Amino acid sequence: MRYKKRWATIAIIHCCPMIQLENSYFYVAYSTSGIFPAENCATKSKPGPLALILIMLQKLWTNPTKTFNDILSREIRWIEILPLFAVNGIYVVYYLIKAEKGYNLASNGKLWGAILGIIVIGSIWGIISNLFVGYLVKVTGRIFKAENNLKKIYAVFAWSSIPLIIACIIIILSLIFVRVILAQEETSSSNIFLSLLTIILNIGMIVPAIWSFILFYKGLKVAQKLDMTKTILNYILAIAIFAPLYYLIMFFEY
């Protein structure tokens, strides 16, 4: 029986080469998701980015602690971490610009300029701020005698941002809808519908943010091996150290 199991395992790995050739946790999540039976792997092509994101969202929703354990037990790659840092930054920068001076969407050119600016500035901000705050979480973790593997902390920051991909899509759609509304001179039923939809979407963006924060808390507990109270205090302390620098940057910016 033992030999049969061994040969069965070899057969599955052979028919699903992505498991042995791809180190990406996205592909591992896909190959172990149970969505496609193992015996049919040879006839299935690799899923696209959208399918992979949906699989990760499903795994993080159903069992976040186990998913973070799986993520942190595998090779952590910067090629996966940095884009997710950027997603986090895009979400934050959208609200920062909106709060400070709003968006000029008077023409299509200004619309796409605003979207491009959010993506570029947000990506840079997200990468820099997450690298810095992640390091602070490691430093403050020493106070609570946490397990301080910096790369694992960065992985938690990154993978907990997965729900914010939904929020970033909503951001782009909202800006496009606002531009469509402004482009029409007369009020119409379609304008009213788009206005209501934009309001609903903007309110709905809060949901991915809350989910992302909950995932971050659960992931940080796994990464640093702390209890609930120490995990929260550790993060608050790191943010308290980061806050003066953030406001200093904002002061010189505006």
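Excluding ligands, DNA and RNA, the accessible surface per residue across the stretch 105-254 is 54 Å² with a 1.4 Å probe. For the stretch 183-232, just say rounded, prolate or oblate: build the C-alpha gyration tensor, square-root its eigenvalues into a ≥ b ≥ c, call rounded for a/c under 1.5, and beyond that prolate if a/b exceeds b/c, oblate if not. In terms of gyration-tensor shape, prolate.
Under the shape rule built on the C-alpha gyration tensor, where the axes satisfy a ≥ b ≥ c, the stretch 73-222 is prolate, since a/c reaches at least 1.5 and a/b is greater than b/c. Sorting 167-179, 54-66 by their mean Cβ neighbour count within 10 Å, with the most densely packed peptide first, gives 167-179, 54-66.
Taking 0.36 nm per residue of separation and subtracting the current Cα-Cα distance, fully stretching the chain between residue 189 and residue 207 would add 3.7 nm. 7 Å from Cα along Cα→Cβ at both residue 145 and residue 66: what's the point-to-point distance in nm? Distance between label points: 3.1 nm.
Rounded, prolate or oblate: which fits the stretch 44-132, taking a ≥ b ≥ c as square roots of the Cα gyration tensor eigenvalues, rounded meaning a/c under 1.5, else prolate when a/b beats b/c? Here the stretch 44-132 falls in the prolate category. Sorting 101-113, 67-79, 211-223 by average packing, meaning the other beta carbons within 10 Å per residue, from highest down gives 211-223, 67-79, 101-113. In the stretch 161-254 the Cα-Cα distances spread across 10 Å bins starting at 0 as 14, 26, 28, 20, 10, 2 percent of all pairs. Packing-based ranking of 127-138, 231-242 yields 127-138, 231-242, ordered from highest to lowest mean Cβ neighbour count within 10 Å. Taking all C-alpha pairs of the stretch 135-211, those more than 18 Å from each other amount to 59 percent.
Once both labels are positioned 7 Å from their Cα atoms along Cα-to-Cβ, the gap between residue 50 and residue 116 label points is 2.5 nm.
The values are calculated or read from the model by the stated rules, or taken from the named source; none is laboratory data. The model shown is predicted, which means the values in this text are computed figures rather than measured ones. We place every Cβ from the backbone using ideal geometry, glycine too, and count neighbours over all the protein chains shown. These accessible areas exclude ligands, DNA and RNA; they are computed on the full protein's heavy atoms, side chains included. Shrake-Rupley method; radii C 1.70, N 1.55, O 1.52, S 1.80 Å.
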